[in-house]
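The values are calculated or read from the model by the stated rules, or taken from the named source; none is laboratory data. None of these values were measured; they are calculated from a predicted model. Don't worry about glycine lacking a Cβ; one is built from the backbone with ideal geometry, like all the others, and counts go over all protein chains shown. In case anyone asks, the SASA skips ligands and DNA or RNA and just uses the protein heavy atoms, side chains included. Shrake-Rupley method; radii C 1.70, N 1.55, O 1.52, S 1.80 Å.
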Amino acid sequence: MKLPTPEDLRERRTELDLTQSELAERAEVSQPLIARIEGGDVDPRLSTLRRIVNALEEAEGSILRASDLMNEAVVSVAPDDSVRHAKDVMDEKGYSQVPVIRDGSPIGLIGNTDIRQRSDENVGELPVAEVMHESIAQVEPDATIDEVDTYLDHKAAVLVVESGQTVGIITDADIAAHVS
């Protein structure tokens, strides 16, 4: 990764027709700090530099957010639904897993693997809450694609949650479709 020089930052800011004050406000730093960085008087911390670069990218319109990538139609099951119902929903939609949601709030995930791992003869009759796993990645709608991608490195799906309510879902397929 090549870090931008003070000249690079100044050039990008002026190309976007932003004042130092406008960039400072977008990056949530002070205008004098922007001036000192552009003047080469101070080396910013990496976290500060990242906020400035993100603010510039956002001004360019190149930062993708979770809200840009998510599917708003979230197929889910309730914790009181039977495992058989959850399996029917997954089969009908061609999904290997679905989120478990109670009153709009995510509480877990149930997938084919969870069902197969149960040795109960009557697993289909059990409530989803007894078979699901509670680990599910969640982000806010304004999370960047980098944040979402970090979760997708370890999870099969990320739920987009705003004020405790599920508003969307993102999978690897959604990112791949957007990139291509």
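Couple of notes before you dig in:
- Residues that are crowded, with 16+ Cβ neighbours inside 10 Å and either closer than 15 Å to I136 by Cα or not β-branched (V, I, T) (or both), drawn from segment 80-93: D81, S82, A86, K87, M90
- Residue check, L49 buried (at least 18 other Cβ atoms within 10 Å of the Cβ), touching a residue at least 40 places away in the same chain (Cβ under 8 Å) and out of contact with any Lys or Arg (no Cβ under 6 Å at 6 or more places or on another chain): no
- Of the strands (runs of 3 or more DSSP E) entirely within segment 125-180, none holds at least 1 residues that are outside the structural domain of N71 (by the TED database) and out of contact with any Leu (no Cβ under 8 Å at 6 or more places or on another chain).
- For D88, the stated conditions do not hold, so it cannot be described as assigned to a loop (DSSP other than H, G, I, E, B) and either of a type in the set (D, E, K, R) or in the same structural domain as D146 (by the TED database) (or both).
- Within segment 27-59, considering residues that are in a helix (DSSP H, G or I) and more than 13 Å from L9 (Cβ to Cβ), the one nearest to the chain's Cα centre (by Cα): E58
- Of residues in segment 139-180 being farther than 17 Å from I63 by Cβ, out of contact with any Asp or Glu (no Cβ under 9 Å at 6 or more places or on another chain) and small (G, A, S), the one modelled with the highest pLDDT: S163
- Positions within segment 78-96 being under 17 Å from Q117 (Cα atoms) and without any contact (Cβ under 8 Å) to a residue 60 or more places away in the chain, in sequence order: S82, V83, R84, A86, K87, M90
- The set of residues in segment 94-122 being open to solvent by 20 Å² or more (accessible area, probe 1.4 Å) and among the small types (G, A, S) consists of G94, S96, G104, S105, S119.
- Of all residues in segment 80-113, those being under 24 Å from the mean Cα position of the chain (by Cα) and not basic (K, R) number 20.
- Look at (1) in contact with a Gly (Cβ under 8 Å, 6 or more places away or on another chain); (2) at pLDDT 95 or above and you find that L126 fails only one, number (1).
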